[in-house]
Structure formats: C-alpha cells, structure tokens
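Where a number appears in this text, it was derived from the coordinates with a stated rule and is not lab data. Keep in mind that what you see is a predicted model, and the values were worked out from it rather than measured. Reconstructed Cβ throughout: ideal geometry from the backbone, glycine too, with neighbour counts over all protein chains shown.
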Amino acid sequence: MYNKIIHYGCSFTYGVDSGGDGIDDPTKSYPAYLSKKTNIPFLNRANPGASLNQIALKIHEDLQNPASEIQDKNILVIVNLTDVFRMISSTCDWWPSTVNGHKLSVCNINATTQFKISSGMDAALNSLINEQEWVFYYYAYNIINSIHYQLVTANKKFVFVDMLTDITALEQYFKLSVDIKNKILTNDVNTFKNFSSFVRFNQLSPTYYSHDGHYSSKGYKLLADLVLCKLQEMSVL
C-alpha cells in the first residue's frame, strides 16, 4: 500500500531501552515492529527528548528538503505526540539536537518533572505556575495544528498518535476554558479525536516498562499492535 512509513516523535518512538535497560535497539522500536507487522519499510525520524516544536521543525525541514524521503508521494507519516511541557531552548544543555543547521536543546519544564531543573528554569517555573499552566496546552495545540497544516498542504497521508500528550490527564491538570476544550476536540484537526486516550502509561502493567520508565521491547511490541489495530479501524492500513 505504502512505499514507507515515516515516524516522528520522542524517545518512545525512537525506542529508548528497547534492547534492555540503557540499550537502544533500532530493530525493537515500535516503528520497527509495526513495519514487520505490515511488511512496509519504515524510517524513524524520532529523537530522544524531542519536544512538539522540535518535531514540527523537523517535519518542516524534511518537507523543504528535495532529497528527503518524505517527498515520496506514496508514504504514510505518523506523528507521535509528546509531552506538552517540553520546549526548545538555546540556553539549557538538555537533549542537544540540530534543527535547520542550528544547535538547540530541549528542556522539560513540567512542575512535576523527575529531572533536575536548572536555576534559571526553576525561577521561570514559579512564574509559570502562578500564570496558568493550561497556556502550555493551548500552545501545544497550536503546534499540532501547524504540523497538521504543513502535512495537508504537502498532500501527505498522515495520522497522529497521542503518545505522551494524554488529553484526559491534562484536563485534570489544567483549567481549560470550555471554548478552548471544544476547539481542541472538534474535527478541525485530525489529532486528539482519533487517539485521545490511546496509549496511556497507567493502562499497561509494570512488565511493559524499562527501569527508567520507557517501554521494554515487550512494551514496544504491544504499542505496535495497538497502533496497527487503530490504523486498521481508521482504514489507513
């Protein structure tokens, strides 16, 4: 059906710990398992720690590159959504990456993050908590909407997978206005509607996770099964 499936996302798409704790095995990531189940070659464009805006920029970069494999007319793009609290920073030293030739990093500014927050981010965090953190959710919605627009404009077949965004948990976390909530859940963008609470950590048993909270190979295989089932229900595959 497709010549290739191209995946964008963070560590859960990249396949961190897929070969065991601390071992990343490209053959045991969820895109690899999905490829085996569908007999469709894949390209994994995910990065550990990627933020939504980093994913959007990478897709933009690929669409602007005539040599990129995304230029193939017969490809499926799967955008695996990540944590809304991650954002690109030019000052922090977390998760370095290069976008459009510029060296950038991604940081996590979630108040409940398990990672150590730098003093500068810690100071900013207090202000963010005092403002309303739902702003980040709306910010994430706009990024996802921009990805949607890019892919529609480029005439690409694509779907979104709610990997870490988790709309249900975020609604408990944020005070979303009715207007914002309704806009997010409409059919205007084909995002959360299809994968609203599709993959959630608390729905999987501990045996599906690695020591640091990523999936194990068993977890990635299950994820591939779940995504394939959903894609078949949507008549995408």
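Things to note:
- When each of 157/218; 28/156; 36/218; 58/218 is checked by Cα-Cα distance, pairs over 22 Å: 157/218; 28/156; 58/218
- Using C-alpha pairs below 8 Å separated by at least 6 residues, the relative contact order for region 11-82 is 25 percent.
- Modelled FRET efficiency - R0 35 Å, residue 73 with residue 218, Cβ distances, 0.05 increments: 0.45
- Share of pairwise Cα separations in region 1-72, more than 13 Å, in percent: 66 percent
- Cβ-based net charge around residue 231, under 12 Å, with every Lys or Arg adding one and every Asp or Glu removing one: +1
- When DSSP beta bridges are restricted to pairs lying wholly in region 1-94, around 10% turn out antiparallel.
- For the pair residue 145 and residue 236, a Förster radius of 25 Å applied to the C-beta separation gives a FRET efficiency near 0.80, rounded to the nearest 0.05.
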